[in-house]
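Peer 1: Take this structure first; my questions come after.
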Amino acid sequence: MARYTCSLTVVLSEQTIHSALIDIFQSCRFELIYDTDDYIMGREIPGDVSFAKLVTVEGLIDKGLGLSQKAHVSLVIKNEELPLQANNHCRQMFDNLCQAIADNPIWQVEQLVSC
């Protein structure tokens, strides 16, 4: 199973971070399958790759920093594909998601770990 993680602290209001994360997921061709205030799950839209390569993304929003303008976001991207190559489909989707976050002017990333 291929699995990639990213952890970041962003400067956004609590209301904005949730909708911004949904927008990022949808811009990277993930459909939402589960959505709560602090957890969002999406899956890649079927059709372009085999079933085993379909990617699932999870976003956990930790608003417990004590500040109303900051949130810690943990992202996990995974699929059932064995990561036999460094540049596998799951890694490509992970890189696309990280690039979408970096290119989006709304996201003000304060701290970034492994993305």
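The values are calculated or read from the model by the stated rules, or taken from the named source; none is laboratory data. Since the structure is predicted, the reported quantities are computational estimates derived from the model, not experimental observations. Positions of Cβ are generated from backbone atoms using ideal geometry, with glycine treated the same way; all protein chains shown enter the neighbour counts. Ligands, DNA and RNA are excluded from the accessible area calculation, which covers all protein heavy atoms including side chains. Shrake-Rupley method; radii C 1.70, N 1.55, O 1.52, S 1.80 Å.
Peer 1: Only one of these is touching a Pro at 6+ places or on another chain (Cβ under 6 Å) and open to solvent by less than 60 Å² (accessible area, probe 1.4 Å): 52, 2, 71, 100. Name it.
Peer 2: 2
Peer 1: Tell me which residues, restricted to segment 5-49, are crowded, with 17+ Cβ neighbours inside 10 Å, among the small types (Gly, Ala, Ser) and closer than 23 Å to residue 91 by Cβ.
Peer 2: Matches in segment 5-49: 42 only.
Peer 1: Among the numbered criteria (1) farther than 21 Å from residue 106 by Cα; (2) of a type in the set (D, E, K, R); (3) surrounded by 14 or more Cβ atoms within 10 Å (Cβ to Cβ), which single criterion is violated by residue 58?
Peer 2: So the condition that residue 58 fails would be (1).
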